[in-house]
Amino acid sequence: KQWYQRRVRGLHLDLFEQCNNIEIRHNGPKLEFVVHKTAEKLWPSEGIHSENSKSITEKPAMKQFNIICTANEEVSHDCRLLTFTYQDGFYAVPPIGSHIFVHNPDKTSIVDKRPYTVFKVLDNKTFQLLVKRYESGIISPFLCSLSPMDEICVDGFDHFLDMNLLHSNSKLVLLAAGTGITPFYRILLELSSNRIFSSHTCDLFFYNRTQKDILIEDMLSDLTANSKCKISVVNVLSRESWTGLMGHLEKQHLSGCSAESIFLVCGPFQFMELARSVLKEIGVSKQNIIEFKG
C-alpha cells in the first residue's frame with residue numbers, strides 16, 4: 001500500500017516469483033515501484049492482479065500506527081535529528097511537504113497529538129524528523145529524549161505539495177524561520193536533482209536569531225553547490241550582529257524577487273503572520289503563496 005494525497009492507494013498483486021524487496025521511488029508527481037528479483041531472468045509478466053487492482057482502491061487517510069526510532073542525533077544546541085523506521089512489512093514514502101502526527105504519550109494532556117514535517121526520506125521504510133526541543137513543550141521533550149528501538153504512535157500523512165505547481169513557475173522564493181526549514185529541504189533536493197527544474201531559480205531566505213541557530217547549513221551548502229538549477233541561500237539574523245542581513249522579514253529583503261514568483265512560507269505563528277503582511281505589501285497574490293503549518 002502507498003499513502004498519497006490523503007488516500008490509501010492499494011495495489012493487489014501476486015508477483016510472478018519471489019523477490020528480494022520492493023522499492024518505492026517518489027519522482028516529482030509520479031510514484032515508481034521497483035521490484036528487485038532474486039534471480040536475473042525475464043518474467044513474462046509482473047504477476048497476477050486481483051480484481052481490486054483493476055481500479056485502485058481508495059480508503060480514508062491513514063489511521064494510527066507505530067514507528068521505531070533507530071537514531072537520535074544532535075544537530076544544534078536545541079535541535080535533534082530523529083530517524084524512524086516502519087514495522088516489518090510496512091512500506092510508505094511520505095509525499096514531499098507532508099507531515100506526520102505524533103501522539104502524546106501523556107493521555108491526561110488536553111493536546112493529544114502534534115504535527116511534525118517529514119524532513120528527509122532515506123528509503124521506503126525510513127524517514128527523518130528535525131525536532132526543536134522546547135522545555136515547556138507538550139511533545140518535543142518526549143521526542144528529543146527517545147532512544148534507539150523506542151516506539152511511538154503516529155498518524156500520517158497529511159498535507160502534501162503538488163510539485164506540478166512549482167514546475168509551472170520558474171521563479172521560486174522560500175521563506176523559512178527556524179525549524180520552518182524542514183519542509184523545504186526535500187523540496188530543494190527535488191529541485192536540485194530533477195532536470196525538469198533545471199531552468200528554475202530558487203531563493204531561500206532563512207531567518208534565525210543567531211548563527212548557532214542556523215540549521216543544516218552544511219547540508220544546504222552541499223545541495224546548492226551540486227544543484228541542476230540555480231539556488232541561493234540568504235541567512236538573516238535578528239539577535240546577533242554580523243556582515244549579512246539582519247532583522248526580521250521586511251519587503252526590502254525581497255526587493256530582488258518578482259511578485260509573480262511562487263512564495264513558500266514556513267515558520268512559527270508570528271513569522272507566518274509577518275510573511276502574509278509583507279507579501280501582501282509587495283503585491284503577491286494569494287494564489288502564489290503556499291503555506292506549511294506543520
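The values are calculated or read from the model by the stated rules, or taken from the named source; none is laboratory data. Model, not experiment: these values are computed from the prediction. Counting neighbours? That spans all protein chains shown, and the Cβs are built from the backbone with ideal geometry, glycine included. The area values use the complete protein model at the heavy-atom level, side chains included, leaving out ligands, DNA and RNA. Shrake-Rupley method; radii C 1.70, N 1.55, O 1.52, S 1.80 Å.
At-a-glance table
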quantity	calculated
Any chance SER98 is surrounded by fewer than 20 Cβ atoms within 10 Å (Cβ to Cβ), modelled with pLDDT under 90 and either polar (S, T, N, Q) or under 22 Å from LEU215 (Cβ atoms) (or both)	no
Contacts under 7 angstrom Cβ, first residue in segment 245-258 being under 16 Å from LEU174 (Cβ atoms) and in contact (Cβ under 8 Å) with a residue 24 or more places away in the chain, partner among the small types (Gly, Ala, Ser) and part of a helix (DSSP H, G or I), 6 or more apart	LEU249/ALA275
Top-ranked residue in segment 219-250 [being open to solvent by 70 Å² or more (accessible area, probe 1.4 Å) and among the acidic types (Asp, Glu); ranked as modelled with the lowest pLDDT]	ASP222
Total residues in segment 104-120, condition outside any loop (DSSP other than H, G, I, E, B), of a type in the set (Ser, Thr, Tyr) and open to solvent by 20 Å² or more (accessible area, probe 1.4 Å)	1
Qualifying residue in segment 125-148 (condition: within 21 Å of the chain's Cα centre (by Cα), among the charged types (D, E, K, R) and more than 24 Å from ILE214 (Cβ to Cβ))	yes
Within segment 135-144, considering residues that are assigned to a loop (DSSP other than H, G, I, E, B) and free of Cβ contacts under 8 Å to residues at least 24 places away in the same chain, the one nearest to PRO115 (Cα to Cα)	GLY137
Criterion: touching a residue at least 24 places away in the same chain (Cβ under 8 Å), under 30 Å from ASP162 (Cβ atoms) and open to solvent by 10 Å² or more (accessible area, probe 1.4 Å) - qualifying residue of ASP78, ASP123	ASP123
Among residues of segment 283-294, those that are more than 15 Å from LEU165 (Cβ to Cβ) and either modelled with pLDDT of 95 or more or among the small types (Gly, Ala, Ser) (or both), counted	2
Test: ILE216 is open to solvent by less than 70 Å² (accessible area, probe 1.4 Å), within 25 Å of LYS132 (Cα to Cα) and of a type in the set (A, V, I, L, M, F, W, C)	yes
Matching residues in segment 81-95 - criterion: being open to solvent by 30 Å² or more (accessible area, probe 1.4 Å), at pLDDT below 85 and not acidic (Asp, Glu)	GLY89, PHE90, TYR91
Residue in segment 134-147 that is under 24 Å from PHE90 (Cα atoms) and of a type in the set (A, V, I, L, M, F, W, C) present	yes
Segment 190-212: number of residues that are touching a strand residue (DSSP E or B) at 6+ places or on another chain (Cβ under 8 Å) and farther than 20 Å from GLY256 by Cα	7
In segment 158-181, residue modelled with the lowest pLDDT [restricted to those that are polar (S, T, N, Q) and either in contact with a Gly (Cβ under 9 Å, 6 or more places away or on another chain) or closer than 16 Å to THR117 by Cα (or both)]	ASN164
Some residue of segment 182-201 being open to solvent by 60 Å² or more (accessible area, probe 1.4 Å), touching a Ser or Thr at 6+ places or on another chain (Cβ under 7 Å) and among the charged types (D, E, K, R)	no
Looking only at segment 129-157, and only at residues there that are open to solvent by less than 60 Å² (accessible area, probe 1.4 Å) and touching a Lys or Arg at 6+ places or on another chain (Cβ under 7 Å), the one that is modelled with the lowest pLDDT	ASP155
Which numbered condition ILE262 misses (of (1) under 25 Å from the mean Cα position of the chain (by Cα); (2) free of Cβ contacts under 8 Å to residues at least 24 places away in the same chain)	(2)
